[in-house]
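Here the structure comes first, spelled out in C-alpha coordinates, and everything after it is commentary.
The values are calculated or read from the model by the stated rules, or taken from the named source; none is laboratory data. On a predicted model such as this, the values are computed, not experimentally measured, just so you know. Every residue, glycine among them, receives a Cβ derived from its backbone with ideal geometry; neighbour counts consider all protein chains shown.
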Amino acid sequence: MSDRQNFIGPSEFAAVLGVSPWQTPLGLALVKTGQLESFAGSPATKWGTALEDIIRREFATETGLPVKRCNKTLVHPVHDFIRGHLDGIAGVGKGRAVFEAKTANAYAGNEWLDGIPEYYMTQVQAYMGLSKLGEAYVAVLIGGQDFRIFHTHFDPELYELMIRDVAEYWTNLKAGVLPAPVAKDAKLLSKLYRVEPGKVLELDQRWLTTLRARQQLKGEIAKLQEHLDGIDAEIKRTMKDAEVAVCNGQYKVSWQEVAASRLDSTRLKAEQPELYRQYSAESVSRRFEIRSLKNGGVK
(Lines give C-alpha, C1' and ligand atoms only; values in the text may rest on other atoms or scores of the structure.)
Protein backbone atom coordinates (compact mmCIF):
# COMPACT_ATOMS: atom_id res chain seq x y z
CA MET A 1 0.00 0.00 0.00
CA SER A 2 1.44 3.40 -0.99
CA ASP A 3 1.70 6.16 1.60
CA ARG A 4 -0.86 8.29 -0.26
CA GLN A 5 -3.47 5.61 0.37
CA ASN A 6 -3.25 6.44 4.07
CA PHE A 7 -4.33 10.07 3.84
CA ILE A 8 -6.18 12.68 1.79
CA GLY A 9 -4.27 15.79 0.74
CA PRO A 10 -5.70 19.24 -0.06
CA SER A 11 -4.95 18.66 -3.76
CA GLU A 12 -7.46 15.77 -3.61
CA PHE A 13 -10.26 17.77 -2.00
CA ALA A 14 -11.63 18.75 -5.42
CA ALA A 15 -12.03 15.08 -6.38
CA VAL A 16 -13.72 14.25 -3.07
CA LEU A 17 -16.13 17.17 -3.51
CA GLY A 18 -16.89 16.33 -7.15
CA VAL A 19 -15.43 19.50 -8.69
CA SER A 20 -12.19 18.11 -10.14
CA PRO A 21 -11.93 18.08 -13.95
CA TRP A 22 -9.47 15.18 -13.76
CA GLN A 23 -10.77 12.73 -11.18
CA THR A 24 -14.17 11.70 -9.83
CA PRO A 25 -14.99 10.79 -6.20
CA LEU A 26 -15.19 7.12 -7.23
CA GLY A 27 -11.92 7.28 -9.16
CA LEU A 28 -10.10 8.64 -6.13
CA ALA A 29 -11.77 6.07 -3.88
CA LEU A 30 -10.55 3.20 -6.05
CA VAL A 31 -7.00 4.56 -5.87
CA LYS A 32 -7.19 4.98 -2.09
CA THR A 33 -8.45 1.42 -1.67
CA GLY A 34 -5.78 -0.01 -3.96
CA GLN A 35 -8.18 -1.12 -6.70
CA LEU A 36 -6.64 1.25 -9.25
CA GLU A 37 -3.10 2.49 -9.68
CA SER A 38 -2.49 6.09 -8.72
CA PHE A 39 -1.68 8.71 -11.37
CA ALA A 40 1.97 8.29 -12.33
CA GLY A 41 2.35 11.78 -13.77
CA SER A 42 2.44 13.26 -17.26
CA PRO A 43 4.57 15.72 -19.24
CA ALA A 44 2.28 18.50 -17.95
CA THR A 45 2.83 17.60 -14.28
CA LYS A 46 6.55 17.06 -14.91
CA TRP A 47 6.99 20.54 -16.33
CA GLY A 48 4.70 22.01 -13.71
CA THR A 49 7.04 20.75 -11.01
CA ALA A 50 10.12 21.93 -12.93
CA LEU A 51 8.68 25.44 -13.28
CA GLU A 52 7.79 25.90 -9.60
CA ASP A 53 11.09 27.59 -8.75
CA ILE A 54 10.78 29.96 -11.72
CA ILE A 55 7.21 30.87 -10.72
CA ARG A 56 8.33 31.37 -7.13
CA ARG A 57 11.13 33.75 -8.17
CA GLU A 58 8.89 35.70 -10.56
CA PHE A 59 6.28 36.11 -7.83
CA ALA A 60 8.92 37.47 -5.44
CA THR A 61 10.17 39.87 -8.11
CA GLU A 62 6.71 41.24 -8.94
CA THR A 63 5.38 41.51 -5.38
CA GLY A 64 8.51 42.11 -3.36
CA LEU A 65 7.42 39.30 -1.03
CA PRO A 66 9.94 36.60 -0.23
CA VAL A 67 8.77 33.01 -0.58
CA LYS A 68 10.11 30.44 1.86
CA ARG A 69 9.87 26.71 1.23
CA CYS A 70 7.86 24.77 3.79
CA ASN A 71 8.86 21.15 4.33
CA LYS A 72 6.65 20.64 7.36
CA THR A 73 3.75 18.21 7.03
CA LEU A 74 0.49 19.93 7.93
CA VAL A 75 -1.93 17.63 9.78
CA HIS A 76 -5.53 18.32 10.79
CA PRO A 77 -5.78 18.33 14.60
CA VAL A 78 -8.81 16.02 14.68
CA HIS A 79 -8.75 14.11 11.39
CA ASP A 80 -5.11 13.07 11.10
CA PHE A 81 -5.73 11.47 7.68
CA ILE A 82 -6.02 15.01 6.26
CA ARG A 83 -2.48 16.24 5.64
CA GLY A 84 -0.35 18.01 3.09
CA HIS A 85 2.66 20.17 2.20
CA LEU A 86 2.67 23.80 1.08
CA ASP A 87 4.50 25.00 -2.03
CA GLY A 88 5.73 27.82 0.19
CA ILE A 89 4.94 30.69 2.55
CA ALA A 90 4.97 34.24 1.17
CA GLY A 91 5.87 37.26 3.28
CA VAL A 92 7.18 37.53 6.82
CA GLY A 93 5.79 37.96 10.32
CA LYS A 94 2.07 38.60 10.68
CA GLY A 95 1.78 39.18 6.93
CA ARG A 96 2.65 35.61 6.05
CA ALA A 97 0.41 33.85 3.53
CA VAL A 98 0.09 30.49 1.81
CA PHE A 99 1.85 30.41 -1.55
CA GLU A 100 0.83 28.06 -4.36
CA ALA A 101 2.49 27.83 -7.77
CA LYS A 102 0.44 26.56 -10.71
CA THR A 103 0.85 26.04 -14.44
CA ALA A 104 -1.89 25.76 -17.06
CA ASN A 105 -1.98 25.27 -20.80
CA ALA A 106 -3.16 28.08 -23.05
CA TYR A 107 -6.59 26.49 -23.52
CA ALA A 108 -7.23 26.68 -19.76
CA GLY A 109 -6.67 30.43 -19.67
CA ASN A 110 -10.40 31.20 -19.65
CA GLU A 111 -10.78 29.19 -16.45
CA TRP A 112 -8.71 31.84 -14.68
CA LEU A 113 -10.58 34.90 -15.97
CA ASP A 114 -12.75 35.25 -12.87
CA GLY A 115 -10.09 34.30 -10.36
CA ILE A 116 -8.84 31.04 -8.92
CA PRO A 117 -10.80 28.10 -10.40
CA GLU A 118 -13.01 26.21 -7.97
CA TYR A 119 -10.97 23.03 -8.22
CA TYR A 120 -7.87 24.91 -7.02
CA MET A 121 -9.71 27.08 -4.52
CA THR A 122 -10.65 23.98 -2.51
CA GLN A 123 -6.95 23.15 -2.22
CA VAL A 124 -5.96 26.70 -1.25
CA GLN A 125 -8.70 26.99 1.38
CA ALA A 126 -7.64 23.64 2.85
CA TYR A 127 -4.03 24.80 3.10
CA MET A 128 -5.04 28.05 4.79
CA GLY A 129 -7.09 26.11 7.31
CA LEU A 130 -4.34 23.58 8.06
CA SER A 131 -1.61 26.23 8.29
CA LYS A 132 -3.79 28.73 10.19
CA LEU A 133 -2.78 31.46 7.73
CA GLY A 134 -5.57 33.84 6.79
CA GLU A 135 -4.42 34.71 3.28
CA ALA A 136 -3.04 32.99 0.20
CA TYR A 137 -1.36 33.88 -3.06
CA VAL A 138 -1.69 31.73 -6.16
CA ALA A 139 0.78 32.43 -8.96
CA VAL A 140 -0.02 30.75 -12.27
CA LEU A 141 1.88 30.57 -15.55
CA ILE A 142 -0.57 30.06 -18.41
CA GLY A 143 0.63 28.85 -21.79
CA GLY A 144 4.25 29.42 -20.81
CA GLN A 145 4.00 33.22 -21.11
CA ASP A 146 0.95 34.62 -19.31
CA PHE A 147 1.87 35.11 -15.64
CA ARG A 148 -0.91 36.00 -13.20
CA ILE A 149 -1.08 36.43 -9.43
CA PHE A 150 -4.24 35.98 -7.36
CA HIS A 151 -4.82 36.91 -3.73
CA THR A 152 -7.55 35.35 -1.60
CA HIS A 153 -8.63 35.14 2.04
CA PHE A 154 -9.54 32.27 4.30
CA ASP A 155 -13.22 31.29 4.43
CA PRO A 156 -13.68 29.40 7.73
CA GLU A 157 -17.25 28.36 6.94
CA LEU A 158 -16.26 26.84 3.60
CA TYR A 159 -13.29 25.14 5.24
CA GLU A 160 -15.41 23.45 7.90
CA LEU A 161 -17.91 22.26 5.29
CA MET A 162 -15.09 20.75 3.23
CA ILE A 163 -13.56 19.06 6.27
CA ARG A 164 -16.96 17.59 7.14
CA ASP A 165 -17.45 16.15 3.65
CA VAL A 166 -13.89 14.83 3.40
CA ALA A 167 -14.17 13.18 6.81
CA GLU A 168 -17.46 11.53 5.82
CA TYR A 169 -15.88 10.36 2.54
CA TRP A 170 -12.95 8.81 4.42
CA THR A 171 -15.22 7.13 6.98
CA ASN A 172 -17.22 5.55 4.17
CA LEU A 173 -14.05 4.30 2.46
CA LYS A 174 -12.87 2.65 5.65
CA ALA A 175 -16.28 0.99 5.96
CA GLY A 176 -16.05 -0.30 2.37
CA VAL A 177 -18.70 2.10 1.04
CA LEU A 178 -17.73 3.57 -2.32
CA PRO A 179 -19.14 6.82 -3.78
CA ALA A 180 -21.86 6.52 -6.39
CA PRO A 181 -20.51 6.58 -9.97
CA VAL A 182 -21.09 9.60 -12.21
CA ALA A 183 -21.21 9.89 -16.00
CA LYS A 184 -17.43 10.32 -16.31
CA ASP A 185 -16.92 6.95 -14.58
CA ALA A 186 -18.18 4.88 -17.53
CA LYS A 187 -14.73 3.81 -18.78
CA LEU A 188 -13.47 3.35 -15.25
CA LEU A 189 -16.29 0.92 -14.42
CA SER A 190 -15.53 -1.09 -17.55
CA LYS A 191 -11.94 -1.53 -16.38
CA LEU A 192 -12.94 -2.27 -12.81
CA TYR A 193 -15.50 -4.99 -13.49
CA ARG A 194 -14.37 -7.63 -15.96
CA VAL A 195 -17.18 -9.76 -17.36
CA GLU A 196 -17.89 -13.26 -16.11
CA PRO A 197 -19.10 -15.15 -19.22
CA GLY A 198 -22.57 -16.59 -18.87
CA LYS A 199 -23.41 -14.82 -15.63
CA VAL A 200 -26.94 -13.37 -15.52
CA LEU A 201 -28.10 -10.93 -12.84
CA GLU A 202 -31.81 -10.53 -12.14
CA LEU A 203 -32.60 -6.87 -11.43
CA ASP A 204 -35.39 -6.28 -8.93
CA GLN A 205 -38.61 -4.45 -9.75
CA ARG A 206 -37.36 -1.01 -8.71
CA TRP A 207 -35.15 -0.92 -11.81
CA LEU A 208 -38.19 -0.97 -14.11
CA THR A 209 -38.86 2.73 -13.50
CA THR A 210 -35.22 3.61 -14.13
CA LEU A 211 -35.02 1.56 -17.34
CA ARG A 212 -38.25 3.04 -18.68
CA ALA A 213 -37.03 6.57 -17.89
CA ARG A 214 -33.79 5.81 -19.69
CA GLN A 215 -35.62 4.55 -22.76
CA GLN A 216 -37.75 7.69 -22.82
CA LEU A 217 -34.65 9.88 -22.57
CA LYS A 218 -33.03 8.03 -25.47
CA GLY A 219 -36.10 8.69 -27.58
CA GLU A 220 -36.04 12.41 -26.72
CA ILE A 221 -32.32 12.61 -27.47
CA ALA A 222 -32.85 10.92 -30.85
CA LYS A 223 -35.52 13.49 -31.76
CA LEU A 224 -33.30 16.38 -30.69
CA GLN A 225 -30.37 14.93 -32.64
CA GLU A 226 -32.55 14.62 -35.73
CA HIS A 227 -33.58 18.25 -35.36
CA LEU A 228 -29.94 19.31 -34.89
CA ASP A 229 -28.85 17.33 -37.96
CA GLY A 230 -31.60 19.02 -39.97
CA ILE A 231 -30.33 22.48 -38.98
CA ASP A 232 -26.78 21.50 -39.96
CA ALA A 233 -27.98 20.19 -43.33
CA GLU A 234 -29.82 23.44 -44.05
CA ILE A 235 -26.73 25.50 -43.22
CA LYS A 236 -24.59 23.30 -45.49
CA ARG A 237 -27.11 23.65 -48.33
CA THR A 238 -26.92 27.42 -47.93
CA MET A 239 -23.11 27.50 -47.80
CA LYS A 240 -22.72 25.35 -50.95
CA ASP A 241 -19.00 25.57 -51.85
CA ALA A 242 -18.07 28.22 -49.25
CA GLU A 243 -15.45 27.12 -46.77
CA VAL A 244 -16.51 29.64 -44.09
CA ALA A 245 -19.72 31.51 -43.31
CA VAL A 246 -20.20 34.34 -40.79
CA CYS A 247 -23.39 35.71 -39.27
CA ASN A 248 -23.77 39.21 -37.89
CA GLY A 249 -20.34 39.13 -36.31
CA GLN A 250 -21.61 36.64 -33.74
CA TYR A 251 -21.12 33.23 -35.36
CA LYS A 252 -18.52 31.70 -37.61
CA VAL A 253 -19.33 28.45 -39.42
CA SER A 254 -16.57 26.40 -41.07
CA TRP A 255 -17.12 23.49 -43.44
CA GLN A 256 -13.69 22.39 -44.51
CA GLU A 257 -12.24 19.43 -46.33
CA VAL A 258 -10.08 17.30 -44.03
CA ALA A 259 -7.70 14.76 -45.52
CA ALA A 260 -7.11 11.62 -43.49
CA SER A 261 -4.90 8.63 -44.14
CA ARG A 262 -6.11 5.37 -42.60
CA LEU A 263 -4.63 1.91 -42.56
CA ASP A 264 -6.68 -0.61 -44.54
CA SER A 265 -6.49 -3.36 -41.92
CA THR A 266 -8.78 -5.69 -43.89
CA ARG A 267 -6.49 -5.61 -46.90
CA LEU A 268 -3.36 -5.87 -44.74
CA LYS A 269 -4.76 -8.95 -42.97
CA ALA A 270 -5.60 -10.60 -46.30
CA GLU A 271 -2.34 -9.80 -48.14
CA GLN A 272 0.17 -9.77 -45.26
CA PRO A 273 -1.28 -11.98 -42.50
CA GLU A 274 2.05 -12.52 -40.70
CA LEU A 275 2.77 -8.79 -40.61
CA TYR A 276 -0.80 -8.12 -39.46
CA ARG A 277 -0.44 -10.58 -36.56
CA GLN A 278 2.95 -9.12 -35.62
CA TYR A 279 1.56 -5.61 -35.17
CA SER A 280 -1.92 -6.46 -33.88
CA ALA A 281 -2.74 -5.76 -30.24
CA GLU A 282 -5.85 -7.17 -28.65
CA SER A 283 -7.99 -4.80 -26.62
CA VAL A 284 -10.81 -5.89 -24.35
CA SER A 285 -13.77 -3.70 -23.49
CA ARG A 286 -17.35 -4.17 -22.40
CA ARG A 287 -20.21 -3.08 -24.65
CA PHE A 288 -23.18 -1.70 -22.74
CA GLU A 289 -26.58 -2.30 -24.37
CA ILE A 290 -30.20 -2.31 -23.20
CA ARG A 291 -32.92 -3.94 -25.30
CA SER A 292 -36.63 -4.16 -24.72
CA LEU A 293 -37.87 -7.72 -24.28
CA LYS A 294 -41.06 -8.70 -26.08
CA ASN A 295 -42.59 -10.79 -23.33
CA GLY A 296 -42.97 -8.96 -20.05
CA GLY A 297 -39.87 -6.84 -20.48
CA VAL A 298 -39.34 -3.12 -20.63
CA LYS A 299 -41.64 -1.60 -23.22
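Annotations
- Among the candidates 115, 93, residue that is on the phi > 0 side of the Ramachandran plot, under 23 Å from the mean Cα position of the chain (by Cα) and either surrounded by fewer than 20 Cβ atoms within 10 Å (Cβ to Cβ) or not assigned by TED's automatic domain parsing to the domain that holds residue 63 (or both): 115
- Restricting 116, 163 to those that are under 23 Å from residue 45 (Cα atoms) and of a type in the set (A, V, I, L, M, F, W, C) reduces the list to 116.
- Residue match in segment 160-182 (condition: out of contact with any His (no Cβ under 8 Å at 6 or more places or on another chain), in a strand (DSSP E or B) and in the same structural domain as residue 8 (by TED's automatic domain parsing)): no
- Scan of segment 118-157 for residues that are touching a Gly at 6+ places or on another chain (Cβ under 9 Å) and either in a helix (DSSP H, G or I) or outside the structural domain of residue 94 (by TED's automatic domain parsing) (or both), ordered by number: 121, 123, 126, 127, 128, 130, 156
- Within segment 50-80, the residues that satisfy the criterion of being surrounded by fewer than 16 Cβ atoms within 10 Å (Cβ to Cβ) and farther than 17 Å from residue 137 by Cβ are 50, 71, 72, 73, 75, 77, 78, 80.
- Scanning segment 184-215 for residues that are over 19 Å from residue 33 (Cα atoms), modelled with pLDDT of 90 or more and under 29 Å from the mean Cα position of the chain (by Cα) returns 184, 210, 211, 213, 214, 215.
- Filtering 167, 136 for residues that are small (Gly, Ala, Ser) and surrounded by 18 or more Cβ atoms within 10 Å (Cβ to Cβ) leaves a single hit, 136.
- Which listed residue is among the aromatic types (Phe, Trp, Tyr) and over 25 Å from residue 26 (Cβ atoms), from 169, 137, 159, 119: 137
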